[in-house]
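Participant: Here it is: the structure, laid out below.
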């Protein structure tokens with residue numbers, strides 16, 4: 001089919017145009033075209049709609065297929081059909097946007113035609129955009145963590161939710177993690193829901209040595225419970241979303257008795273429609289089990305009374321009241337030492353109790369608690385990973401000493417783009433063998449011009 005051709009689908013009395021239906025969307029593993037993805041979503045439409053109906057959606061558009069970088073579009077396209085609703089959301093920046101709301105299978109097919117192979121709804125209904133009706137528990141395994149460990153932490157989350165009288169609904173993330181959504185009554189603000197999610201993450205961390213609530217990657221271990229997914233303007237992929245992996249893996253709802261025996265690789269575009277036809281949607285009754293956050297907020301209050309305050313917010317948020325310094329711990333510690341040294345010099349202190357700072361050795365380097373260096377940064381993940389491989393070839397001795405979680409791949413998200421930064425933690429490399437920070441390869445930071453302009457202003 002030549003470029004520019006189309007296919008018209010009649011869906012529940014509406015006509016949806018699919019442009020370039022044979023355009024390849026997956027080629028590296030399975031072979032799937034755009035129309036294949038549209039038809040997949042139509043085959044599981046009742047389940048997919050259960051996760052997005054009556055919710056504003058951020059359009060994450062893979063216009064060149066799953067193997068190219070997507071972009072985020074908050075505002076509804078000007079040429080949307082008249083029958084497709086929108087809702088006006090406000091954001092932490094103070095700006096607003098009319099976002100698409102999908103209520104039926106025709107709307108689902110329409111946004112998939114735009115390249116939305118993942119579905120990213122907000123945790124609110126259009127009738128109340130300021131009070132979420134869903135708390136989201138995102139279990140994010142760190143490098144080197146096994147699937148069995150993710151499942152174990154998921155079961156620990158379930159045990160805690162059961163004790164609190166809340167019902168959790170698990171699904172595979174479609175990658176290496178597990179999502180557990182908790183339907184709640186829409187009585188609490190985004191700030192309160194995030195506070196409850198942070199209390200939950202810390203409680204699970206105390207119960208399981210595999211769990212971590214630490215925001216900074218250099219402090220994390222095991223399975224990170226990303227409480228910040230509950231901050232306003234954050235979204236995660238919803239149930240039955242297709243993920244951009246070579247096997248076209250699907251974020252699939254599970255029964256709890258499946259969690260400890262399932263393999264996420266079993267759930268793909270090719271297998272999930274048959275599963276859905278046989279067992280239906282395991283989360284179909286989610287709306288019947290809306291719970292209360294009172295117990296989690298009481299846990300948060302106890303933490304605060306014991307001196308355990310707030311944790312860092314996402315980087316695009318303004319500094320929040322009670323939030324600790326939003327800086328990597330290794331930098332914060334070194335910065336504190338420098339400030340103390342400067343203060344001592346300014347006050348003329350030079351005694352054994354308050355020694356003057358020593359000069360740095362000409363040939364040495366200051367030892368940091370977390371010796372991090374930036375290896376690569378690029379809007380193209382494959383290019384950044386290629387830079388990491390070049391670094392390993394240049395420094396084979398150091399590379400051989402790295403643990404899996406010493407390689408930090410940061411997915412940086414802007415307002416309408418993503419980019420990748422790869423850092424190396426040299427903690428397992430003897431100090432005298434640590435490669436110095438060089439120019440990242442590649443060195444494509446899309447925020448550089450903005451930061452430089454801000455510094456000059």
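The values are calculated or read from the model by the stated rules, or taken from the named source; none is laboratory data. What you see is a predicted model; the values in this text were computed from it and never measured. So basically every Cβ, Gly included, is an ideal-geometry build from the backbone, and we count neighbours across all protein chains shown.
Participant: Could you list, in sequence order, all residues of segment 307-323 that are surrounded by 14 or more Cβ atoms within 10 Å (Cβ to Cβ) and either under 20 Å from the mean Cα position of the chain (by Cα) or at pLDDT 75 or above (or both)?
Facilitator: Within segment 307-323, 310, 311, 312, 313, 314, 316, 317 qualify.
Participant: Follow-up question, since we're still on this one. Can you tell me which residues in segment 6-32 are over 30 Å from residue 87 (Cα atoms), in contact with a strand residue (DSSP E or B) (Cβ under 8 Å, 6 or more places away or on another chain) and surrounded by fewer than 19 Cβ atoms within 10 Å (Cβ to Cβ)? Walk me through it before giving the result.
Facilitator: If we filter segment 6-32 for residues that are over 30 Å from residue 87 (Cα atoms), which is where we start, we get 22-24, 26-32.
The next check asks that each one be in contact with a strand residue (DSSP E or B) (Cβ under 8 Å, 6 or more places away or on another chain); those that pass are 22-24, 26, 30-32.
If the condition is that a residue be over 30 Å from residue 87 (Cα atoms), in contact with a strand residue (DSSP E or B) (Cβ under 8 Å, 6 or more places away or on another chain) and surrounded by fewer than 19 Cβ atoms within 10 Å (Cβ to Cβ), then 22, 23, 24, 30, 31 are the ones that fit.
Participant: Let me ask something additional. Kindly establish whether residue 276 is part of a strand (DSSP E or B), surrounded by 18 or more Cβ atoms within 10 Å (Cβ to Cβ) and touching a residue at least 24 places away in the same chain (Cβ under 8 Å).
Facilitator: Numbers: part of a strand (DSSP E or B): no; surrounded by 18 or more Cβ atoms within 10 Å (Cβ to Cβ): yes; touching a residue at least 24 places away in the same chain (Cβ under 8 Å): yes.
Against the criterion (part of a strand (DSSP E or B), surrounded by 18 or more Cβ atoms within 10 Å (Cβ to Cβ) and touching a residue at least 24 places away in the same chain (Cβ under 8 Å)), residue 276 does not qualify.
Participant: Counting just the residues of segment 351-383 that are within 15 Å of residue 438 (Cβ to Cβ) and modelled with pLDDT of 85 or more, which one comes out farthest from the chain's Cα centre (by Cα)?
Facilitator: Residues of segment 351-383 that are within 15 Å of residue 438 (Cβ to Cβ), as a first pass: 365, 371-377.
Those still in the list that are modelled with pLDDT of 85 or more too: 371-377.
Numbers: 371: 25, 372: 22, 373: 23, 374: 21, 375: 22, 376: 20, 377: 18 Å.
Filtering segment 351-383 for residues that are within 15 Å of residue 438 (Cβ to Cβ) and modelled with pLDDT of 85 or more, the one farthest from the chain's Cα centre (by Cα) comes out as 371.
Participant: Return a yes/no flag: does segment 168-191 have any residue that is out of contact with any strand residue (DSSP E or B) (no Cβ under 6 Å at 6 or more places or on another chain), within 29 Å of residue 72 (Cα to Cα) and part of a helix (DSSP H, G or I).
Facilitator: Checked segment 168-191: at least one residue is out of contact with any strand residue (DSSP E or B) (no Cβ under 6 Å at 6 or more places or on another chain), within 29 Å of residue 72 (Cα to Cα) and part of a helix (DSSP H, G or I).
Participant: Select from segment 88-113 the residues that are over 27 Å from residue 198 (Cβ atoms) and crowded, with 18+ Cβ neighbours inside 10 Å and list them in ascending order.
Facilitator: 100, 101, 102, 105, 106, 107, 108, 109, 110, 111, 112, 113 - these are the residues of segment 88-113 that are over 27 Å from residue 198 (Cβ atoms) and crowded, with 18+ Cβ neighbours inside 10 Å.
Participant: The conditions are (1) at pLDDT 95 or above; (2) surrounded by 15 or more Cβ atoms within 10 Å (Cβ to Cβ); (3) touching a helix residue (DSSP H, G or I) at 6+ places or on another chain (Cβ under 8 Å), and residue 69 fails exactly one of them. Which is it?
Facilitator: (1)
Participant: A further question follows. Determine which single condition residue 209 fails, assuming it passes every other condition in (1) surrounded by fewer than 21 Cβ atoms within 10 Å (Cβ to Cβ); (2) assigned by TED's automatic domain parsing to the domain that holds residue 159; (3) outside any loop (DSSP other than H, G, I, E, B).
Facilitator: With (1) surrounded by fewer than 21 Cβ atoms within 10 Å (Cβ to Cβ); (2) assigned by TED's automatic domain parsing to the domain that holds residue 159; (3) outside any loop (DSSP other than H, G, I, E, B) applied to residue 209, the lone miss is (3).
Participant: For segment 386-436, name all the residues that are under 26 Å from residue 70 (Cβ atoms) and out of contact with any strand residue (DSSP E or B) (no Cβ under 9 Å at 6 or more places or on another chain).
Facilitator: Passing the criteria: only 389.
Participant: Which residues, taken from segment 28-50, are part of a helix (DSSP H, G or I) and either free of Cβ contacts under 8 Å to residues at least 60 places away in the same chain or not assigned by TED's automatic domain parsing to the domain that holds residue 102 (or both)? It would help to see each step written out before you state the result.
Facilitator: Our first condition is that a residue be part of a helix (DSSP H, G or I); within segment 28-50, this holds for 34-43, 45-50.
Answer for segment 28-50, where residues must be part of a helix (DSSP H, G or I) and either free of Cβ contacts under 8 Å to residues at least 60 places away in the same chain or not assigned by TED's automatic domain parsing to the domain that holds residue 102 (or both): 35, 39, 49.
Participant: Would you be able to tell me the number of residues in segment 80-117 that are outside any strand (DSSP E or B), within 22 Å of residue 315 (Cβ to Cβ) and in contact (Cβ under 8 Å) with a residue 40 or more places away in the chain? Steps first, answer last, please.
Facilitator: At the first step, the residues of segment 80-117 found to be outside any strand (DSSP E or B) are 80-84, 91-95, 102-117.
Now narrow it down to the ones that are within 22 Å of residue 315 (Cβ to Cβ): 91-95.
Keeping just the survivors that are in contact (Cβ under 8 Å) with a residue 40 or more places away in the chain gives 91-93.
Summing the residues that are outside any strand (DSSP E or B), within 22 Å of residue 315 (Cβ to Cβ) and in contact (Cβ under 8 Å) with a residue 40 or more places away in the chain in segment 80-117 gives 3.
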